[in-house]
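Okay, structure first, notes after.
The values are calculated or read from the model by the stated rules, or taken from the named source; none is laboratory data. Since the model is a prediction, treat every value here as computed from it, not as a measurement. We place every Cβ from the backbone using ideal geometry, glycine too, and count neighbours over all the protein chains shown.
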Amino acid sequence: MLVTFRGGDTGRWRVERLTAVRGPTLRAVTRIAIFEDGGLANKDDDAQWTLRGETSYDRYVTAPERAALSARQAPLGRASARAAALIPISKSADWWSLPQDARRAIFEERSHHIAQSLAYLPRIARRLHHGRDLGEQFDFLTWFEFSPADASAFDELVGMLRATEEWGYVEREVEIRLTLAERHL
């Protein structure tokens, strides 16, 4: 599924803060609109930037890990999930030059990305979008939804992931924190 995130002055999600974690930031916006299955807003709208990614197969996940994730993963769009984060990430050429098994070893065997993340499900729902194969400016667009009461758990999760060997390969990361707007613009 192709997903487009458009940052501007319209959209269902209100931007609370936009922070460059590593590398250049994105232009400041007040709202983000999300379009799935290739749907796109009017090209004459107020968008300051557009990020695209597609959902894909699980690239570094074993069958038992996939089963564990599926058993615990909450759906997006839950009524209680009024907070969200969009974190676009690009990894270095060194990461992409590694063979698949070496990336998997860093991702899970040494960084424990999946194993440690399981503790935060189902409080935090997530979906990964791949942009690299589309020629986009970010390799991944990570989307998270959670209850405002679970914001500190989300901070803990992101902090834990950023402390791993895997994150040493990130050369650009922007964190966008959002809340569901009462009124859709």
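Residue count for the stretch 1-19 satisfying the condition of being out of contact with any Asp or Glu (no Cβ under 7 Å at 6 or more places or on another chain) and not acidic (Asp, Glu): 11. Of all residues in the stretch 66-82, those that are in contact (Cβ under 8 Å) with a residue 40 or more places away in the chain have Cβ atoms under 9 Å from Cβ atoms of residues that are β-branched (Val, Ile, Thr) and surrounded by 13 or more Cβ atoms within 10 Å (Cβ to Cβ), 6 or more apart or on another chain, in Ala68/Ile114; Leu69/Val61; Leu69/Ile114; Ala74/Ile124; Ala81/Ile124; Arg82/Thr179.
Just one of the listed residues (Ala151, Ala125, Ala119, Ala115) is farther than 23 Å from Gly23 by Cβ and in contact with a Pro (Cβ under 8 Å, 6 or more places away or on another chain), and it is Ala125.
Here is a check on your reading of the model: is Ser147 buried (at least 16 other Cβ atoms within 10 Å of the Cβ), more than 30 Å from Arg31 (Cβ to Cβ) and among the small types (Gly, Ala, Ser)? The answer is no for Ser147. Scoring Arg72 on the criteria (1) surrounded by 12 or more Cβ atoms within 10 Å (Cβ to Cβ); (2) in contact with a strand residue (DSSP E or B) (Cβ under 6 Å, 6 or more places away or on another chain) leaves a single failure, condition (2). Here Arg66, Arg78, Arg27, Arg31 are screened, and the one residue that is within 23 Å of Val174 (Cα to Cα), surrounded by fewer than 18 Cβ atoms within 10 Å (Cβ to Cβ) and over 15 Å from the mean Cα position of the chain (by Cα) is Arg27. Under the condition of being at pLDDT below 95 and part of a loop (DSSP other than H, G, I, E, B), the residues counted in the stretch 13-47 number 11. Regarding the stretch 145-160, can at least one residue be identified that is part of a strand (DSSP E or B) and under 22 Å from Leu69 (Cα atoms)? So far as the stretch 145-160 goes, yes, one or more of its residues are part of a strand (DSSP E or B) and under 22 Å from Leu69 (Cα atoms).
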